[in-house]
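Heads up, the thing below is written out as structure tokens.
The values are calculated or read from the model by the stated rules, or taken from the named source; none is laboratory data. Being a predicted model, the structure only gives us computed values, none of them experimental. Positions of Cβ are generated from backbone atoms using ideal geometry, with glycine treated the same way; all protein chains shown enter the neighbour counts.
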Amino acid sequence: MEKLLTIEELSKILGIKKATIYSWTSKKRIPYIKLSNGILRFRESEIQEWILKKSVLPDLQSRTIEKYQSSKRQSVSQGKEYIERIIKSSKEAVLGLRRG
């Protein structure tokens, strides 16, 4: 059986206050197990998966390239052109905001 983490252990692992974890559990924002008498436990594997789902990809260009690498409908050159258009329009939007 997988070891279940206590709220104290999870608090130390995540580096956050126990009160925050209690708040997340009450809002069902984090996976947990509720035992008798309101005792909370956390499966380490579920917490690891939850953290991975919360991960943010490094940048738009990487996500766009991955999207086109996984899709066989467009060629690599079309993907690069698409990225260049996104970058160009982003620069124009930023410059336009600065002017205004």
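The one condition from (1) among the acidic types (Asp, Glu); (2) at pLDDT below 80; (3) surrounded by 11 or more Cβ atoms within 10 Å (Cβ to Cβ) that Glu92 does not meet is (3).
Rundown of residues vs (1) assigned to a helix (DSSP H, G or I); (2) exposed (fewer than 10 other Cβ atoms within 10 Å of the Cβ); (3) at pLDDT 85 or above, yes/no style:
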site: Thr25; (1), (2), (3): yes, no, yes
site: Pro31; (1), (2), (3): no, no, yes
site: Gln69; (1), (2), (3): yes, no, no
site: Glu84; (1), (2), (3): yes, no, no
site: Lys88; (1), (2), (3): yes, no, no
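Restricting attention to region 4-23, the residues that are exposed (fewer than 11 other Cβ atoms within 10 Å of the Cβ) and not in a helix (DSSP H, G or I) total 2. Answer yes or no: is there a residue in region 36-47 that is modelled with pLDDT of 90 or more, under 13 Å from the mean Cα position of the chain (by Cα), of a type outside the set (Asp, Glu) and assigned to a helix (DSSP H, G or I). Yes, because at least one residue in region 36-47 is modelled with pLDDT of 90 or more, under 13 Å from the mean Cα position of the chain (by Cα), of a type outside the set (Asp, Glu) and assigned to a helix (DSSP H, G or I).
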